[in-house]
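As structure tokens, the structure follows; a few thoughts come after it.
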Amino acid sequence: MEANEDKQLYNKKEIKLDEESVEYYATESVPRGQRNMGFWDMVFLWVGANTNNASWYLGGSVAGAAFGGAILVGLIANPIAYVILALIGYMGYKIGVSTMALTRPAFGIKGSGLPTILNTLVFAGWTVVNTFIAVISMSFILHDLFGWPTYGESGGAKSMILGIFIMTVLNLLAVSLGRKSVKIAERIGFVVVLALGILVTIIVFQEHSFSDVISWRPSPENAMPIGIAVDTMAAFSLAWVLGIAEFTRYTRTPKAATVAPLLGATSSLVWFIFVGVVATIGMVLSTGEFNPDNADPSSLVSGMGLGWIALLLIIVASVTTNVVNLTAAGISITNMTKKIQPLHSIWAVTILSGILMLVPLYMNSFLDTFMGFLNFVGMALSALLGILVADYFFIRKRQYDVASLEKEGGLYWYYKGVNLKAILVWVVGVIFYLSIMKLPLFTDYIGAVYPTILLTAVMYGIVSLTERKEKYST
């Protein structure tokens, strides 16, 4: 009797392990019985996703808005972005498919290939940014071991290229378990980087008073206008939106798909913006020089003399965060083809990211590369997200037909698989963003990202409702 019960328990565990190792294609709706991510799984996932090197660097890069400006923007711009994250997370929970599959009803079955390409590039780009910071840490370690030049020094490319190879191998190992990697990695990353952030904050306030930090102001040539800070943070936060459904489609409840990501992502990013701003201003107060190029965690902890332990923690944090980036990018590709298995697609994106890491290595400024990437993200995503939200919540009244997501000639086929009206609205949104991004009202106060989201949502709503009325009248 006991033997049979033990066998049944063992079989149940085996089934659970098998379910957790299954990676579904982008357009496959995850069955309710195989959804195994609870509320706290999602909280830790998004806390871990934002408790990373890039979040820290984001804080340092907007330190030009001064402490008060950077924190104020963080408390306003990011929660707005993560409300949109929660909305798309809800869509993933309800429909059970990935974010890129959710673009099919609006853009068409073939037209969704454009958002998919964008999404893959965005998440591969975030992997590059996050990992490149870790590679800088590795260059400091190689300098101590072998005397090799560090990043930024003459001949430093040698240690950086070796670091890129090592980090690519580590990223491949980290994603080898597929979805199970996310649960494991995000808890590790959260503990590691949170500990490092607390340590750096303590060190800064041991040397400088809080009043010194909050009263510091950059020189006019280094000052960052509030509107640019808003767009920078919004682009960073909104990039996660196109990967949210990859995970919320495995959640059990609407609360786990919406409140948990909103809570985890917002709290962790605001905290790490604080860490990045404080660490960067602390270095300015110590050295008398404000250089946003050195706002990355590797350069900061090296400048503080924290040594190998801190640098190794940055490397570990990079790997754990990249699990989310690479999983989202890999699953996106399966929205365009099922000829490659989801896990193999994730591996392919990991290798591509390793190759792309050579790009910032040969740029004059890593900060310029980072900011240029964020501008691209803000421009493309703001125009896209307005369409996606409007289509599901307002035009189709939260009703998508899963069976039609892959049906040629069906409900979401449009003209040869492409909804030309959605593409046109997207293009107009991008043009609008480029037209207003440097106007004083937007650079100084509100930024261009959120006005573009609002415009494209309204435009898409108008053209879609007009089209439906025409069909109804005929």
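Descriptive notes on the structure:
Let's see how each residue does on (1) in contact with a Leu (Cβ under 7 Å, 6 or more places away or on another chain); (2) closer than 26 Å to Ala86 by Cα; (3) not in a helix (DSSP H, G or I):
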{"residue": "Lys338", "(1), (2), (3)": "no, no, yes"}
{"residue": "His344", "(1), (2), (3)": "no, no, no"}
{"residue": "Leu352", "(1), (2), (3)": "no, no, no"}
{"residue": "Val359", "(1), (2), (3)": "no, no, no"}
{"residue": "Lys397", "(1), (2), (3)": "no, yes, yes"}
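- Residues located in segment 176-206, provided they are closer than 17 Å to Gly276 by Cβ, at pLDDT 80 or above and not aliphatic (A, V, I, L, M): Phe205
- Tabulated pairs, segment 422-435, first touching a residue at least 24 places away in the same chain (Cβ under 8 Å), second of a type in the set (Asp, Glu) and surrounded by 13 or more Cβ atoms within 10 Å (Cβ to Cβ), C-beta under 9 angstrom, 6+ apart or interchain: Ala422/Asp391
- When Asn130 is tested against (1) surrounded by fewer than 16 Cβ atoms within 10 Å (Cβ to Cβ); (2) out of contact with any Gly (no Cβ under 9 Å at 6 or more places or on another chain), only condition (1) is not met.
- For segment 415-446, the tally of residues that are crowded, with 19+ Cβ neighbours inside 10 Å and of a type outside the set (Lys, Arg) stands at 10.
- Residue ID - nearest to the chain's Cα centre (by Cα), chosen from residues in segment 247-292 that are among the small types (Gly, Ala, Ser) and within 28 Å of Ile84 (Cβ to Cβ): Ala265
- Looking across segment 140-164, the residues that are without any contact (Cβ under 8 Å) to a residue 40 or more places away in the chain and in a helix (DSSP H, G or I) come down to Leu142, His143, Leu145, Phe146, Lys158, Ser159, Leu162, Gly163.
- Any chance Ala239 is assigned to a helix (DSSP H, G or I) and farther than 30 Å from Leu441 by Cα: no
- Counting only residues that are within 18 Å of Gly330 (Cα to Cα) and either acidic (Asp, Glu) or surrounded by 24 or more Cβ atoms within 10 Å (Cβ to Cβ) (or both), segment 97-115 holds 10 of them.
- For segment 55-86, the set of residues classified as polar (S, T, N, Q) and closer than 15 Å to Asp231 by Cβ consists of Ser61, Asn78, listed by residue number.
The values are calculated or read from the model by the stated rules, or taken from the named source; none is laboratory data. In this text the structure is predicted, and so the values were computed from the model without any measurement. With ideal geometry, Cβ positions are generated from the backbone for all residues, glycine too; neighbour counts draw on all protein chains shown.
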